[in-house]
1. Please report, as a whole percent, how much of the solvent-accessible surface of the chain comes from carbon and sulfur atoms (probe radius 1.4 Å).
2. Under 8 Å for C-alpha pairs, at least 6 residues apart: give me the relative contact order for the chain, rounded to a whole percent.
3. Just to be sure I understand the model, the point goes 7 Å from the Cα along the line to the Cβ. What's the resulting GLU548 to PHE62 distance in nm?
4. For the modelled label position 7 Å from the Cα of GLU247 along Cα-to-Cβ, which residues of the range 208-234 have backbone nitrogen atoms closer than 17 Å?
5. Tell me the per residue accessible area of the range 21-177 using a 1.4 Å probe; a whole number in Å² is fine.
6. Pull up the cross-link candidates among the lysines for LYS512, meaning alpha carbon to alpha carbon under 28 Å and not fewer than 8 places away within one chain.
7. Which cross-chain or sequence-distant (5 or more) residues have an amide H under 5 Å from the amide H of LEU187, H modelled 1.01 Å from N in plane?
8. Where the centre of each part is set by its Cα atoms, how far does the range 403-466 sit from the range 247-325, in angstrom?
Amino acid sequence: MQRTSWWAPRGPGVGPVYTSRDLMGRTTAGFFVVTGLAGVVFGLSIPSPCSNRLVFLGGAAFAIATGLGVYVMRSRLSSKMHVGFIAVAIASVTMLIGQSPSVAGDVAVAALYTCIACHAALAFPWRTATVLTVIVVVACLVAGVVDSDMPWWSTIPVATAAGLIGASVIALNLVANQAILDPLTGLLNRRGFDRAMYVEMGKAAASGDPLTLVLFDLDRFKSVNDHLGHTSGDQLLQDVATAWRAELPSAQGSLSRYGGDEFALLLPRTSEIAAIAMADRLRAVAPTPSSAGITSWRHGDTVSLFVGRADIGLYRAKNTGRERTVVESAERPAIVEALRAAIEQRALTVAFQPIVDISGAGAVAVAVEALVRWPDLHTPDISPEGLVRIAENNDLISGLGLLVLELACTQIQQLAATNCDRRLDLHVNVSGTELTDHSYVDLVLDTLTRTGWPAHRLVLEVTETDLAADSPAAARALHTLRQQGIRVAVDDFGSGYSSLTRIATLPCDILKVDRAIVADTTSAVPLLNAVTAIAAAFALEVIVEGVETSEQVDLLASHGIALGQGFYYARPQPVNDLHISLANG
């Protein structure tokens, strides 16, 4: 992680509202140029004879040259450099006092101290501005004492004016800062955060550095307000802000309470991968569970597009189980574009793994699960589950899911036509993200109509964590599909956190027990006892995944579990190989 810009507003009174690096440079450049032009007029207007005329004109030329240099280099000037320019201005004015042929001229030169104080108060954080204003006042008074041609008291009005102007501008900046701060947490509010985004987006456009946005949402925050009251809710928001401020390194990013229970974090010069690590760190230290959506700025993005893309990531995190971080990437890596092309060109295939009935004398295939395969995949370390995750994070899951469903229905329908005596059910995985799409039900039913596969022989498998997400849209979709005869299986049961109350309300027909439950046949006994009791109570079928040994087969039989799936029976295979194995079995 890199340190972010020193001028970005981050908290109560830490910086002026309107300054950015570009504006700071323009203001400093304007100050020097205008002061130099005034010096030219002053030098040319001094009554003759004046031996020091060239001194004033030289000083004026120096000021103009400095201003032009600052303007050209403004995007690369740091805060310390700008403080240095103020110091140069104070020293220059102090040296020029006494060069005028009259006391009136010296007082006129001393009046430039007020300009310096105003500029410092406008451009710098209040602590720096206060120090600089005090230095200006002291320098003005000292100049009046040191210059023997001036009465010592002649600079008191100028010093007073400089001090009052500096203090007034500092006070106005502090008041203006309150307009961009959230009064409850002390963080930036939406208005202040949007300004910070405008500043950083301009910098990213000029430098090409990455800029990443993280949106956080506190999970189930509404229940805190509803059950414990708004005072408890406000305290929770303050606790979250305190924890996250402490976790963020000094001057790293801009943190905001973006609205309600939503927080935002802007990370300049930070990649999406680094932002994921930061988001997970913040979620880990928060006193309540939260979800996060991440995206990076793309050239040409407006603030609304930038925030909207991160919000899509947050929406997906909330609707696929909560307590997670989802990236809505703006980078579109090569694997994403390749997957998009594979979906559009229908270059994906499906393999089928049998689900067998072991209640009789032998193991008989009664169903198959369709699993996506990518024959042309050049990245072998990406599993099928990884492909699904890539599709979910890059808005490709709808196309992928429907393609797999269509291929599976078409191929198994053809297989069924040649094995009329064998009745097979078809299991197809569905993502929780797909279920929240309002058109998903119609697309599934249309696919069944086109392929001829009967609805009552289709089982849609949804992982337990997806089903546990409180998504009314997903629940409505599952209920509608079940009304059409499609059955629903809770996949990877035992890997998530469903309660008995939740199981009772889930629109499901089958529990597919996660392979981790039976990995250790000794510890699996009480777990399977519990699973079978739950299934019996709610009249649900049980299928155990990951059956790979004869000991596991005996374990299933001892618990009266009739259906199993795993390498012990068969590996996933193309439909042609499945046809041969069924014919031989």
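1. 60
2. Working: 981 pairs, mean separation 56.1, N = 585.
The value is 10 percent.
3. Those two pseudo-labels are separated by 7.9 nm.
4. Counting backbone N atoms under 17 Å from the label point, the list is 213-221.
5. Normalised by residue count, the accessible surface of the range 21-177 is 48 Å².
6. Within the straight-line cut-off, LYS512 pairs with LYS318.
7. Under 5 Å from the amide H of LEU187 lie the amide H atoms of ASP182, ARG257, each far enough along the sequence or on another chain.
8. After rounding, the separation between the Cα centres reads 36 Å.
The values are calculated or read from the model by the stated rules, or taken from the named source; none is laboratory data. Note that the structure is a prediction, hence the values are computed from the model and not measured. Counting neighbours? That spans all protein chains shown, and the Cβs are built from the backbone with ideal geometry, glycine included. Only protein heavy atoms, including side chains, enter the accessible area calculation; ligands, DNA and RNA are left aside. Shrake-Rupley method; radii C 1.70, N 1.55, O 1.52, S 1.80 Å.
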